[in-house]
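The values are calculated or read from the model by the stated rules, or taken from the named source; none is laboratory data. Just so it is clear, the model here is predicted, and its values are computed rather than measured. Every residue, glycine as well, gets a Cβ built from its backbone with ideal geometry; the counts of neighbours run over all protein chains shown. Just so you know, the surface numbers come from the protein's heavy atoms only, side chains and all, with ligands and any DNA or RNA stripped out. Shrake-Rupley method; radii C 1.70, N 1.55, O 1.52, S 1.80 Å.
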Amino acid sequence: MPVTEPAEAARVGSIYTLILPVPTPAAPRPQAIPFPILFEDRDLIVLDKPAGLVVHPAPGNRDGTLVNALLAHCGPGFTGIGAEKRPGIVHRLDKDTSGVMVVAKTQLANDVLTAAFATRAMERSYTALCWGLPNPVSGEIEGAIGRDKRDRKRMAVVSHGGKAALTRYSVMRAYGTSVALVACRLATGRTHQIRVHLSARGHPIVGDPAYLRRIPATAKALPEAVRGALLDFPRQALHAASLGFSHPRTGAALRFETPPPADMAALIGLLDGNLTGD
């Protein structure tokens, strides 16, 4: 009978047992996962992605994703993109970012929407709660974004390499100098762009697990209950608030807007109820 030995005991003549993982399907499988639909026709679906929902299957998230949900929603008659019966994910939101997304159902929609994103012909705005008060209260943050050399799971503003990135921001409400509710518009669409740019300016997003590494100094000035709620918020307080584009088939102007979800709205309400939002 084969005997499994620790690596340090390896020697000539040793016999090892290799346990193979259970094979998984090469293509995502449909799963009945509810998600809010804002608009749908034969070409596309516009949805309000809940926080916590992964967009596309990947290692560690093989199923239970938005793609699985879309496949179930579209049903067996779904045409799909290219030679596959799959939705066209023309842009993504991070797992814990909520808000408006558009997904292509046909090859035409996929091609036109992908080109619109590439040429920056789409209007995208986000709402974020960040630590501190950006100065000036409106402006631009520009800086190429690439992999963080110290942590490959993070992105960073880099001086060499990376891809050009530009974020336009405006403070909607300031809670003293401790926290700000900020509107951000993307001129480019890099991985973690808003999270990286705000963090690089010293204003990481509340609850951000990747770019908020220590308790901000501005937290000390807050009432204990408010400070605790902000520090304990379990995800980045970032919401894709609006999305505007031309319909890929008709050319009609479409624009969709959603408010922050319940958890982020409650946090904003707590700030409004305890601090002055200027």
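Each label was represented as a point 7 Å from its Cα along the Cα-to-Cβ direction; for T188 and E142 these points are 1.0 nm apart. Think of a 1.4 Å ball rolled over the protein heavy atoms: the chain then has 53 Å² of accessible area per residue.
The heavy atoms of R86 present about 90 square angstrom of accessible area, all protein chains included, probe 1.4 Å.
Computed 3J(HN,Hα) for the stretch 249-259, one whole-Hz value per residue from the Karplus formula 6.51 cos²θ - 1.76 cosθ + 1.60 where θ = phi - 60°, is 9, 9, x, 5, 6, 10, 8, 10, 9, 9, x, glycine and proline marked x. Our coupling estimate for the stretch 144-149, obtained by passing each phi through the Karplus curve with A = 6.51, B = -1.76, C = 1.60 and θ = phi - 60°, is 4, 10, x, 5, 6, 5 Hz, Gly and Pro reported as x.
Among the listed pairs K49/K105; K105/K149; K49/K220; K85/K149, which have their C-alpha atoms separated by more than 26 angstrom in this model? From K49/K105; K105/K149; K49/K220; K85/K149, over 26 Å: K105/K149; K49/K220; K85/K149. Helical content alone sets the calculated 222 nm signal of the chain at -5500 deg cm²/dmol, taking -39,500 (n - 2.57) per DSSP H segment of four or more residues and averaging over every residue.
Each residue of the stretch 171-182 is assigned a 3J(HN,Hα), and the resulting list reads 6, 8, 8, 10, 9, x, 10, 8, 9, 9, 9, 10 Hz, derived from the Karplus form 6.51 cos²θ - 1.76 cosθ + 1.60 (θ = phi - 60°), x at Gly and Pro. Here the stretch 166-266 has 54 percent of its accessible surface on carbon and sulfur atoms, given a 1.4 Å probe and all protein chains in place. Between amide H atoms placed 1.01 Å from N, distances below 5 Å from T97 occur with G52, all of them 5 or more places distant or on a separate chain. For the pair E123 and D232, the difference between a 0.36 nm per residue extended length and the Cα-Cα distance amounts to 36.1 nm. In this structure, the amide hydrogen of L44, modeled 1.01 Å from its nitrogen in the peptide plane, lies closer than 5 angstrom to those of K105, counting only residues at least 5 positions away or on a different chain. Relative contact order for the chain: 17 percent, from Cα pairs under 8 Å spaced at least 6 residues apart, divided by residue count.
Report note on the peptides 88-99, 105-116: ranked by the mean count of other C-beta atoms within 10 Å, highest first, their order is 88-99, 105-116.
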